[in-house]
Structure formats: structure tokens, C-alpha cells
Amino acid sequence: MPTSRRRLRRSVREEVFREYCTNSSIHGVRYFDRDERTTCERFWWLVVFLLSMLGCCVMIYKTYVKWNQTPIIVTFSEKTTPVWDIHFPAITICPETKVHTKTLNFTAEMNALLEDYNYINGTSDREAIDQLKAVAQLCNTMFHSKYGSLLQYLNNTDEDVVGMLKNLSLSRHGTLGLCQYCNQYMLCGEHLKETLTEEGFCYTFNMMPEEDIFRKSSLQTDYTYTESWFPFSEHETLTPLYARGAGLHAGLTLFLRQIKEDVDYMCTGFSQGYKLMIHDPGEYPQVSMRNMRIPFGHEISIALKPQMMITSQSAADFSWEKRQCFFNHERHLRYFKIYNQENCELECLTNVTQAMCGCVRFSMPRSNDTKVCPLSMFHCMTDVKWIVYDIDDPDRPVNEKITAMVNKCNCLPACSSISYDVETTQTTLDVEKFLRVNHEYDRSDKFYITTIAIYFKESYFITSKRSELYGWVDFLANCGGLLGLFMGVSILSLLEICYFITIRPFSVRSRIASAEKRKSNEVLNVMLPVITKRE
């Protein structure tokens with residue numbers, strides 16, 4: 001009985017295999033079991049079939065790697081975007097002149113301090129030392145390489161750096177004259193708000209309010225980083241303002257003035273004027289990282305061309321590792337509500353500065369239990385920038401803990417971001433002749449006058465978009481095409497295999513069993529008359 005069952009199973013397998021080879025839609029399989037084919041021919045077709053299958057598997061693997069590693073493509077959007085659908089950029093202006101001469105004559109006080117140090121062996125207790133140390137945090141590296149060691153080790157406190165700079169900074173209404181936005185004149189002082197940056201107190205137009213950018217619950221409560229914004233009129237919406245079109249008439253024009261006797265060359269060097277930064281309204285400015293230099297006595301025209309990047313919904317379904325960008329809800333920042341690459345880098349710089357120096361720069365976001373770095377930590381704060389921004393320096397010592405902290409920052413771009421290409425033109429302002437013609441003789445040599453016009457160059461621009469390059473449908477289509485090209489396989493071919501593995505064996509088994517039973521009955525019927533006759 002067991003022998004007959006094994007013979008039945010073997011017969012079923014052979015019959016099913018023979019039927020599959022005869023009827024299969026996969027190319028080459030029908031030649032595996034043909035009576036008219038010799039063993040050599042069947043072997044040749046088997047080798048060809050296996051090579052074809054191998055080539056198909058290699059191509060499918062390459063397709064999978066491409067789908068898995070680079071599923072996102074950046075293309076141009078199908079439609080142009082009008083500039084009035086986006087916000088007008090935030091404009092941050094930082095004077096190179098940091099203090100009013102009548103409040104603190106920085107060069108004169110430094111020279112007096114040097115005289116005291118040289119002749120009294122550094123025992124000076126001048127009242128201006130605290131002020132000098134506060135302003136020195138804004139000076140360039142050239143100043144610190146020459147005078148930094150003198151100021152850093154004087155026995156004076158420099159804890160309230162922000163309060164000191166606030167009292168010493170230039171008068172806003174004295175620096176900012178008239179402004180014109182969309183042909184509407186106004187006082188700049190009312191709409192350019194003081195913003196605390198590493199360059200000291202700067203003036204920013206059209207940036208989001210502090211409570212919209214920062215997580216106030218995580219910030220210190222000693223001072224604010226930027227002032228609140230006030231609308232132009234009762235009918236004007238709060239910041240950020242939307243652009244109203246292209247051209248000078250729809251842009252922002254600033255009239256700035258600088259008292260000549262306030263200009264100081266010891267602290268900020270030989271390049272005087274202003275630093276200008278154009279940035280997204282949700283980005284807190286780091287003016288020292290990227291800026292435009294604006295000289296005194298010039299009229300500067302800046303034409304903007306937006307470069308906006310968006311992410312399609314199909315690409316949003318991928319993980320951030322594959323699309324290489326973050327949405328606001330995917331990347332939590334401790335100090336910022338709004339995620340963008342610049343805010344992330346500033347927070348990273350803050351964390352690394354605290355880890356290396358035990359304190360942070362006065363302009364960095366911090367909590368109440370974090371100290372502000374004194375002037376003696378200036379070189380430490382400078383070294384942190386070299387580490388965070390990965391500037392190659394063979395002499396810099398490598399700290400594995402700090403390196404790991406920097407790597408964890410992971411400051412990818414935001415999935416929706418905007419930057420600006422700029423085109424600038426400038427000309428010299430002949431203020432002296434203008435004032436002479438208008439009989440303003442007493443003012444001709446007191447001020448440097450500078451004008452800046454910022455506007456969109458064109459009414460429409462092309463947006464870039466992250467889109468899905470290979471989705472599931474594309475991957476399956478490519479796999480189907482390769483299977484069809486190499487082997488003639490389709491979905492029905494796969495279902496055919498399932499059919500011959502699952503359903504068909506039972507049908508064949510039933511048919512063979514019935515045939516064998518019928519054959520047994522026929523044998524019995526033939527033998528019965530013979531047995532009866534003998535009896």
C-alpha cells in the first residue's frame with residue numbers, strides 16, 4: 001500500500017511537471033520535457049534559461065538599488081509662481097560702527113588703556129574697561145590678535161554684555177532715516193526692529209515676531225532677541241508682509257546716515273559701512289556667516305530673484321533619509337519653533353559652544369541656567385565655528401565627543417525653503433553738491449548718507465520641486481518589463497505557477513486514481529469468466 005502511494009505521488013509530480021512544461025507561458029520552459037529533444041538539447045536550453053534568469057535578477061537588483069537609494073528627483077515646477085504669493089524677504093542691517101563716540105570713544109579709550117598698561121604695569125581700574133570689554137566682543141579677529149590678550153585678563157566683570165551693548169549702541173532714529181515700502185513713506189525706526197546678533201544690535205525689517213520663531217518656554221528671561229513688530233497702519237497685516245509685485249515701486253528703499261566722527265577703525269577694521277543680510281522671515285539672522293557689504297556714500301540697488309524649493313505630497317511619503325529634507329514636525333529644535341537649516345545650525349553651534357566653552361555667546365539662544373561667555377572665552381567661541389562648519393584645519397585637535405555631537409546635529413534643508421539670488425548695482429552719492437544746492441551747508445560734512453533699494457526683479461519665477469522619481473508603481477513596472485524582456489514573465493505567469501503547485505496536483509491525482517481504479521476493475525472483469533469456467 002505505501003509503495004502504491006509513493007508511485008501515485010511520483011506519477012502526479014511527473015504529470016504536473018510535464019503539463020506545466022507543455023503549457024507554460026514562460027519562454028524556454030516548454031523545451032525542458034519534450035520527447036523529441038535530446039538530453040544535450042534540453043541541457044542547452046536549461047543553461048540559456050538560467051543565464052536569462054541571472055541577467056534578469058541582476059537588472060532587477062540594480063533597479064531596486066536605484067529605487068531604494070535615489071527615489072527623489074528635483075525638477076522644475078509645471079507652473080510659474082507670482083512673487084505676490086510669497087513673503088517679502090526679511091532685511092537685517094548691521095552698522096560696522098558699534099557705538100556713539102560721545103558715549104564711548106573706543107579708539108581713545110583703548111589708547112589710554114594701553115598707556116596705563118605700559119607705564120603702570122596693568123594696574124589701571126578705569127571705569128571704561130567694562131564698556132571696552134563688551135564692545136570688544138563685536139570686534140574682528142585682527143583686533144583680538146593684537147589687543148585681545150590685554151582686555152581678556154583685566155580684573156573687571158563683563159557679565160551683562162547685552163545690557164552694556166544696549167546702552168552703548170547707536171541711536172536707531174539717528175541711524176535710520178526714511179523708508180519707502182510700496183511707495184509708502186514711513187520712519188524706518190518704527191518698522192525696522194532691533195535684533196540681537198553676533199554683530200551687536202542690528203535692525204531687521206519683516207521678520208516674524210520672536211514668539212513665532214522661538215520657544216519662549218526654553219529661553220532665558222533676562223532680555224529679548226528681537227522687538228515686536230508694529231503694522232504700518234490700522235489696515236496693515238502683521239509680519240511677515242507679502243510682496244506686492246516686482247520693480248522698485250513695490251520694493252523697500254532705505255535711507256541711512258552715519259555720523260562721520262562716530263566711525264571707528266580700531267574695532268571693525270578698514271572696511272566701514274554696513275553689513276546687509278537678506279533672509280527668510282522665519283530665519284533668525286547670523287549676519288557674520290553670510291552678508292553683503294554696503295559702503296558709505298553710495299546708492300545700492302539690489303534686485304532679487306527667489307529660489308524656492310517645495311516638496312510634493314508623493315515625496316513627502318518617503319522618510320527624511322530618502323528625501324534629504326525635514327518638515328517642521330519631523331525635526332524638533334529646543335529653542336526654535338520653526339525648522340530651517342539656518343536655525344538648526346545656530347542651535348547646533350550653541351550646543352557645541354556650551355559643551356566646549358561652558359557658556360554661550362551673548363547673541364545665542366540660551367536657557368536661564370546657561371552662562372554668557374566672557375571676553376576671555378573669545379578664542380574658544382571662534383574655534384567652535386571651525387568645528388561646527390567643518391572648516392578643514394590640520395592643526396585643530398580632534399575631540400571625539402564633540403565630533404559626535406556635531407554629527408548628531410543633522411541640519412538638513414527644510415522641505416520648503418527659499419533663498420534669493422541678487423544682482424547689485426551701485427553709484428556714488430554726491431551729497432555735498434546736493435546739500436550745497438539746497439543751502440544745507442552746515443550738514444555737508446557731518447554725515448555719510450547711504451541708500452539701499454531692494455526689490456524683486458521679475459513678477460514670476462520658476463519653483464523647484466522635490467518629486468517622486470521611483471514609486472512602488474514605477475518599481476513594479478520596471479520589474480515587469482525586465483521579467484518580460486528576459487523571460488516573458490507576467491502576473492499571469494506567476495499565477496500559473498501557483499496554479500500548477502496548488503490546484504492542479506489534486507486534479508491530476510484524482511484523475512490518475514480514477515484511471516487506476518477503473519483499470520483494476522477491468523482486470524477483475526476479465527479474470528472473473530476464467531475463474532467461473534474452471535469451476
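Counting Lys +1, Arg +1, Asp -1, Glu -1, what net charge surrounds Glu227 among other residues with beta carbon under 9 Å of its beta carbon? If you can, show how the numbers build up before the last one.
Numbers: positive: Lys193; negative: Glu194, Glu210.
Net local charge, Glu227 excluded: -1.
Just to confirm a number: summing +1 for Lys and Arg and -1 for Asp and Glu over residues other than Tyr64 whose beta-carbon lies under 15 angstrom from that of Tyr64, what do you get? Show your work: numbers first, answer last.
Details: positive: Lys62, Lys66, Lys322; negative: Asp474.
With Lys, Arg at +1 and Asp, Glu at -1, the neighbours total +2.
Net charge near Lys457, counting Lys/Arg +1 and Asp/Glu -1 over other residues with Cβ under 12 Å of its Cβ?
Values: positive: Lys305; negative: Asp421, Glu423, Glu458.
Summing Lys and Arg as +1 and Asp and Glu as -1 gives -2.
At a probe radius of 1.4 Å, what is the per-residue accessible area of Ile300, in Å² to the nearest 10?
10 Å²
So what J values fall out for segment 129-137 if you push phi through Karplus, 6.51 cos²θ - 1.76 cosθ + 1.60 with θ = phi - 60°, rounded to Hz, Gly and Pro as x?
5, 4, 5, 4, 5, 5, 5, 4, 5
With every protein chain present, what accessible area does Arg290 have (1.4 Å probe, heavy atoms only), rounded to the nearest 10 Å²?
Its heavy atoms expose roughly 100 Å² to the probe.
Check cross-link reach from Lys166 to the lysines: straight Cα distance under 17 Å, and skip same-chain residues fewer than eight apart.
List returned: Lys98, Lys102, Lys133, Lys193.
Could you order Arg244, Arg257 so the one with the most accessible surface comes first? Probe is 1.4 Å.
Arg244, Arg257
Provide the packing ranking of 102-113, 472-483, i.e. peptides ordered by the mean count of other C-beta atoms within 10 Å per residue, highest first. Numbers along the way, then the final one.
Working: 102-113: 16.6, 472-483: 14.4.
Descending packing order for the listed peptides: 102-113, 472-483.
Rounded to whole Å, give me the distance from the Cα center of segment 135-152 to that of segment 59-97.
That distance is 41 Å.
Determine the order of Trp67, Trp84 by accessible area, beginning with the largest, at a probe radius of 1.4 Å.
Details: Trp67 25, Trp84 110 Å².
Largest accessible area first, the residues go Trp84, Trp67.
For Thr463, what residues show an amide H to amide H distance below 5 Å, using hydrogens built from the backbone and excluding near sequence neighbours?
For Thr463, whose amide H was placed from the backbone, the distant partners under 5 Å are Ser77, Thr81.
The values are calculated or read from the model by the stated rules, or taken from the named source; none is laboratory data. Just so you know, these numbers come straight off a predicted model, no measurement behind them. Methodologically, a virtual Cβ is constructed for each residue, glycine included, from the backbone with ideal geometry; neighbour enumeration extends over all protein chains shown. Protein only, heavy atoms only, side chains kept; ligands, DNA and RNA dropped before computing areas. Shrake-Rupley method; radii C 1.70, N 1.55, O 1.52, S 1.80 Å.
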